[in-house]
Structures are given as structure tokens and as C-alpha cells.
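Report on one structure; see the data block that follows.
A short reminder: the numbers here are calculations on the coordinates, not readings from a lab. Because the structure is a prediction, the values reported are computed rather than measured. Here the Cβ is made from the backbone with ideal geometry for all residues, glycine too, and neighbour counts use every protein chain on show.
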Amino acid sequence: MKKVIATTKAPGAIGPYSQAIEANGMLFISGQLPINPETGVMPEGVTAQTEQCMKNLEAILNEAGCTFDNVVKSTCLLGDMSYFGDMNAVYGKYFKGGFPARAAFAVKELPKQALVEIEMIAAL
């Protein structure tokens, strides 16, 4: 059995997918682009974009009754590996320790020409 998790405090899906799915005690959060849900605007630069991705992820986690402490795995997609250090500096501020497992990849292109996209899996 699965439950769709959705909030207006994060950008709506831009395709046939859900912001997140809760199933079997786990929360699977779709990749979040750095779009401000109130304005629809994507900030400039990887630091600001990572910050917005993390805010969007936090809103979805909170909607499901979770925090970053519940996150067990994340995947960070970058438009270029030269963004890794800046992304990592912002990402790390959201965790108090006991960091989740993570993978980071450079990809050829992200939707809407974003510089970063992050997805997460959390244990409920």
C-alpha cells in the first residue's frame, strides 16, 4: 500500500510523478529542482539553487512528519562536478550528524537548465 505525499510548500510535479510516496515505513522523495514554490523562479548559482532544493525537500519531509534526521539516502545530480564543493557546503548544513548514505553525479543536463537536483529516501 502506498500513500501520496504532497505539499504546496514545494514545487508541484512537472510531469506524471508525485512529490513523494510513503510505502512500507519509507518515504521516497522525487528529485527536487531549485524552484521557489511561491514565485516559480529558480535562483542563480549553485549555492542558492542547492539551498532552494533543500528547502523544498524539507517541506516535503515535514509534510510526511519527518525531518532531515529521518533521511537514510540521497542522490545529488549536478550539471557539472565543479559544483560539488559549493553544493556539499550547503547540503551539509541541513544535517546534525549521522549523515545519510549519498551518491553525487554529474549529468549532461537537468530539467529547466537547473544546476542541481536532489532526491531523498527517509525512514519513517
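Tabulated values for the structure
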{"read-out": "Hz values of 3J(HN,Hα) by residue in region 23-38 - Karplus curve (6.51, -1.76, 1.60), Gly and Pro given as x", "value": "7, 6, x, 10, 10, 10, 9, 4, x, 9, 7, x, 9, 6, x, 7"}
{"read-out": "Helix-derived mean residue ellipticity, 222 nm - over the chain, DSSP H n ≥ 4, -39500 (n - 2.57), to 500", "value": "-7000 deg cm²/dmol"}
{"read-out": "Helix axis angle, 46-63 relative to the chain longest principal axis, alpha carbon, degrees", "value": "10"}
{"read-out": "Neighbourhood charge, 12 Å Cβ-Cβ cut-off, centred on Met26 and excluding it, Lys, Arg +1 and Asp, Glu -1", "value": "+2"}
{"read-out": "Within-13-Å neighbourhood charge of Val71 [Cβ basis; K, R +1; D, E -1]", "value": "0"}
{"read-out": "Net charge, Thr8 excluded, C-beta distance under 12 Å - Lys, Arg +1, Asp, Glu -1", "value": "-1"}
{"read-out": "Debye, to nearest 20: dipole size of the chain, +1 on Lys, Arg Cβ, -1 on Asp, Glu Cβ", "value": "300"}
{"read-out": "For a label point 7 Å along the Cα-to-beta-carbon line of Asn88, residues of region 31-49 with backbone N under 11 Å", "value": "none"}
{"read-out": "Long-range lysine pairs (8 or more apart or interchain), region 2-123, Cα under 27 Å", "value": "20"}
{"read-out": "Where GluC sites (Glu not before Pro) fall in DSSP loop in region 29-115, at most 11 other Cβ within 10 Å", "value": "Glu38, Glu44, Glu109"}
{"read-out": "Sparsely packed chymotrypsin sites (Phe, Trp or Tyr not before Pro) within region 50-112, loop by DSSP, other Cβ within 10 Å at most 13", "value": "none"}
{"read-out": "10 Å binning of all Cα-Cα separations within region 2-123, expressed as whole percents from 0 upward", "value": "14, 50, 33, 3"}
